[in-house]
1. Quick test of your reading of the structure: residue 89 fulfils all but one of (1) modelled with pLDDT under 95; (2) assigned to a strand (DSSP E or B). Name the failing condition by number.
2. Restrict the check to the stretch 64-73 and report whether at least one residue is exposed (fewer than 14 other Cβ atoms within 10 Å of the Cβ) and in a helix (DSSP H, G or I).
3. Does residue 61 satisfy the criteria of being out of contact with any strand residue (DSSP E or B) (no Cβ under 9 Å at 6 or more places or on another chain) and either assigned to a helix (DSSP H, G or I) or at pLDDT 90 or above (or both)?
4. Among 94, 127, which is at positive phi and outside any loop (DSSP other than H, G, I, E, B)?
5. Please work out which residue is farthest from residue 53 (Cα to Cα), limiting yourself to the stretch 76-86 and to residues that are in contact (Cβ under 8 Å) with a residue 24 or more places away in the chain and not in a loop (DSSP other than H, G, I, E, B).
6. In the stretch 109-155, which residue that is free of Cβ contacts under 8 Å to residues at least 40 places away in the same chain and more than 17 Å from residue 37 (Cβ to Cβ) is surrounded by the most Cβ atoms within 10 Å (Cβ to Cβ)?
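The values are calculated or read from the model by the stated rules, or taken from the named source; none is laboratory data. From a predicted model like this one, the values you see are computed outputs, not experimental measurements. All Cβ positions, glycine included, derive from the backbone under ideal geometry; neighbour counts span all protein chains shown.
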């Protein structure tokens with residue numbers, strides 16, 4: 001009976017290993033870049049990883065992606081107001097501290113970015129910040145994921161860093177003009 005159990009366990013282990021090898025989703029690691037074009041020269045851009053991303057290599061276009069989040073990130077996002085977290089659902093993976101992330105039609109990236117901006121002091125920066133020059137800033141990251149990109153001019157939300165990705169900066173630093181005021185209460189009033 002003991003030999004039979006060992007053989008049965010060996011078969012189960014072999015089947016599990018074969019099935020595990022046939023799963024073709026992967027979390028890519030390496031060096032990936034987030035390029036910000038139309039960047040404001042002199043501004044520092046920073047990236048914060050919000051979700052992990054696993055890409056399905058069995059998909060013909062390899063664009064099928066699954067997102068997961070840590071319990072720490074789930075707790076931070078659940079603390080945001082309803083407008084910021086609308087459309088995002090977290091489902092715990094077994095008894096682990098990881099959660100699958102699903103997004104529905106109520107999700108709004110701009111509202112989510114505003115919410116993330118309000119908690120950015122509690123987020124961990126990914127890679128080094130990049131100072132923009134000649135209208136471009138390039139941030140290097142080492143894992144695929146959903147990244148929140150921040151600068152003092154505003155916030156951007158970038159998705160998909162499996163390949164090098166470019167996002168367009170829509171913000172600008174307002175210019176300061178010299179304001180002149182005319183004093184109408186005096187004779188011979190002048191512009192100052």
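1. Evaluating residue 89 over (1) modelled with pLDDT under 95; (2) assigned to a strand (DSSP E or B) leaves (1) as the failure.
2. Within the stretch 64-73 (the criterion being exposed (fewer than 14 other Cβ atoms within 10 Å of the Cβ) and in a helix (DSSP H, G or I)), the answer is yes, since at least one residue qualifies.
3. No, not satisfied.
4. Of 94, 127, the one residue that is at positive phi and outside any loop (DSSP other than H, G, I, E, B) is 127.
5. 83
6. Checking each candidate, the answer is 115.
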